[in-house]
Amino acid sequence: GCVLVVSVIEQLAQWHNSTVKAAMERLCDYIPGKYQIMRHMLCCIDREMNADVVCHALRLCKQDPGQPLCHLYSPPKVMKEKHSSGLFHALAHARPKCQIRSKTFMGFSSVCAFPLLANLCEKIKYVLRNKLPFEDFDGDKFSTFPTLRGYHWRGRDCNDKNTTVYPGRRPDNWDAKSDSNCNGIWGVDPKDGIPYEEKFCKGADSKGVVLLGDSAGAHFHIPPEWMTVTQMSAKSFTNLPMAFSDELDWPQFSEITGFLNSTIGGWTDSLYLRLWKRNRCNHRDLQNISQNGIRGRLIQEIRSGLARNQLLDNPAIVIYATIGNDVCNGERDTLAHMTTPKEMLSNVVQALRYLDSHLPNGSHVILTGLVDGRFLWDNLHDRYHPLGQLNKDVTYSQLYSFLDCLQVSPCSGWLTPNETLRNLTSERALQLSNVLKEIARSEKFANFDIFYMDFPLRQTAEEWRKMGGEPWQLIEPVDGFHPSQIAAALGTGITWQKALHEWPQVLGKENPFNDQIEAIFKDQGGY
């Protein structure tokens, strides 16, 4: 974090031909007030000390005994020419200057220790622990508040004072008097006295969509304009509070549960939107129970986060998609920390049995295979990261090495120059995908049928090439790891076509009354 902030300040000074102090003030003017924790770094930054030197001098970055000195940039040129150990020499000169300021930082072991951010951090910790909305007055797991696991993550509640009113339930007395399932369809047709919900939705095969996933499913994204100084302005950071409150995830634009027009590039196309267009009675029936860093053992997340009543609610399409974290970790001996096929089988079957005891009859479960992450290195390693675009000094290969050195790499097995290790990681991913495939083939459950599909990376890349795109554009530019907004939207179309041709029963039938619903209820009360 320190290296990122200092890099941006130094590049702002360069781009605007200003002093470091002026660049700091410029950045602080861009960022909402309570997030301005960077001013403390100012005294340590100058033109001869790159971000690595500053952050090690402040002791925000450290070198553990016996471990390498982690750095993103090459050592400062003037130091490198005179001293073979340039970074160490630069640090020796920088530390006296930063000593007083580093003591100030030692009291803040994390960003959450800063008083102005402590309240927000406590809220985020709550939702991370519980996977439930922070603002949920009736306790039905649905909210009228967008972030902190609110309606960006699951359908918007239309009455947060009544626990029997929430998206996805079967209508209470056909919603003649009120909207019990929040799909915006309620009341009685004055022409014949028949409730609109009965007239338009009875026998319509209504169903919701639930995603059980990892950071890719949650749609992790750090806006590149936050660190690309040539694009940076006050407008760049207007979404920063919302992004932090959503854990740097954007589920409202995601491949499975997206429902708003994308503001982070590309376009939004999702399984939920397509189900809604097919049947307007499905309005708001979505749940994204994904978490950054989660692996195949999802049972705890399902128990605490799933909102489905087996007796009162509509069936659901559940997408089980942990596409990388079972082989991805930041450990030195990464292979030893990967999920084994035996563990995968146990974890997934345990989760499916729990779902069978909680999902309404007539539901469906789709198991998604793991991605082949060799695509990441192959398409990004020699390209410049947003931090390196101004001076052509940081490639993705350098970023991956820096994160790996810090032992915070999102995937040491794939984000590495070691081709053998990349191949072994893909081999394990294929083994785990085959476990999922066999589960779908052999396991039977009382309340849902089960299907398997490969993660459609190859088809997505082919489709994007046909549209004139480049493969690297399918990867998030800042982290160099997650699927981009473009990849998410294209993936939806591929998944939908497979379902239409191979599992038409999953998607349900087209509602012939969609136009009438649209005409009478217009936007169905919004999202």
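Checking each residue in the range 343-355 for being open to solvent by 30 Å² or more (accessible area, probe 1.4 Å) and not polar (S, T, N, Q) picks out 343, 345, 353, 354. Right, residue 324: in contact with a Ser or Thr (Cβ under 8 Å, 6 or more places away or on another chain), in contact (Cβ under 8 Å) with a residue 24 or more places away in the chain and over 15 Å from residue 168 (Cβ atoms) or not? In short, no.
The single condition among (1) within 30 Å of residue 513 (Cα to Cα); (2) open to solvent by 20 Å² or more (accessible area, probe 1.4 Å) that residue 291 does not satisfy is (1).
Applying a threshold of 6 Å to beta carbon distances and a minimum spacing of six or more residues, or different chains, the list of pairs starting in the range 344-357 at a residue that is over 13 Å from residue 300 (Cα atoms) and ending at one that is surrounded by 15 or more Cβ atoms within 10 Å (Cβ to Cβ) reads 344/296; 344/432; 344/435; 345/435; 356/445; 356/447. Taking the range 232-282 as the range and being assigned by the TED database to the domain that holds residue 220, more than 15 Å from the chain's Cα centre (by Cα) and assigned to a helix (DSSP H, G or I) as the test, the residues that pass are 271, 272, 273, 274, 275, 276, 277, 278, 280, 281, 282.
Going residue by residue through the range 173-191, is there one that turns out to be in a loop (DSSP other than H, G, I, E, B), touching a Leu at 6+ places or on another chain (Cβ under 9 Å) and open to solvent by 60 Å² or more (accessible area, probe 1.4 Å)?
No, there is no match, as no residue in the range 173-191 is in a loop (DSSP other than H, G, I, E, B), touching a Leu at 6+ places or on another chain (Cβ under 9 Å) and open to solvent by 60 Å² or more (accessible area, probe 1.4 Å).
When 270, 304 are checked against the criterion of being of a type outside the set (D, E, K, R) and either open to solvent by less than 10 Å² (accessible area, probe 1.4 Å) or in contact with a Ser or Thr (Cβ under 8 Å, 6 or more places away or on another chain) (or both), a single residue qualifies: 270. Of all residues in the range 304-323, exactly one satisfies the criterion of being modelled with pLDDT under 95 and touching a helix residue (DSSP H, G or I) at 6+ places or on another chain (Cβ under 7 Å), namely 304. Got at least one residue in the range 410-427 being assigned by the TED database to the domain that holds residue 348, over 27 Å from residue 336 (Cα atoms), without any contact (Cβ under 8 Å) to a residue 12 or more places away in the chain and not hydrophobic (A, V, I, L, M, F, W, C)? No.
The values are calculated or read from the model by the stated rules, or taken from the named source; none is laboratory data. Note that this is a predicted model, so its numbers are computed, not measured. Heads up, the Cβs are rebuilt from the backbone with ideal geometry, glycines too, and the neighbour counts pull from every protein chain shown. Heads up: the accessible areas ignore ligands, DNA and RNA and are worked out on the full protein's heavy atoms, side chains in. Shrake-Rupley method; radii C 1.70, N 1.55, O 1.52, S 1.80 Å.
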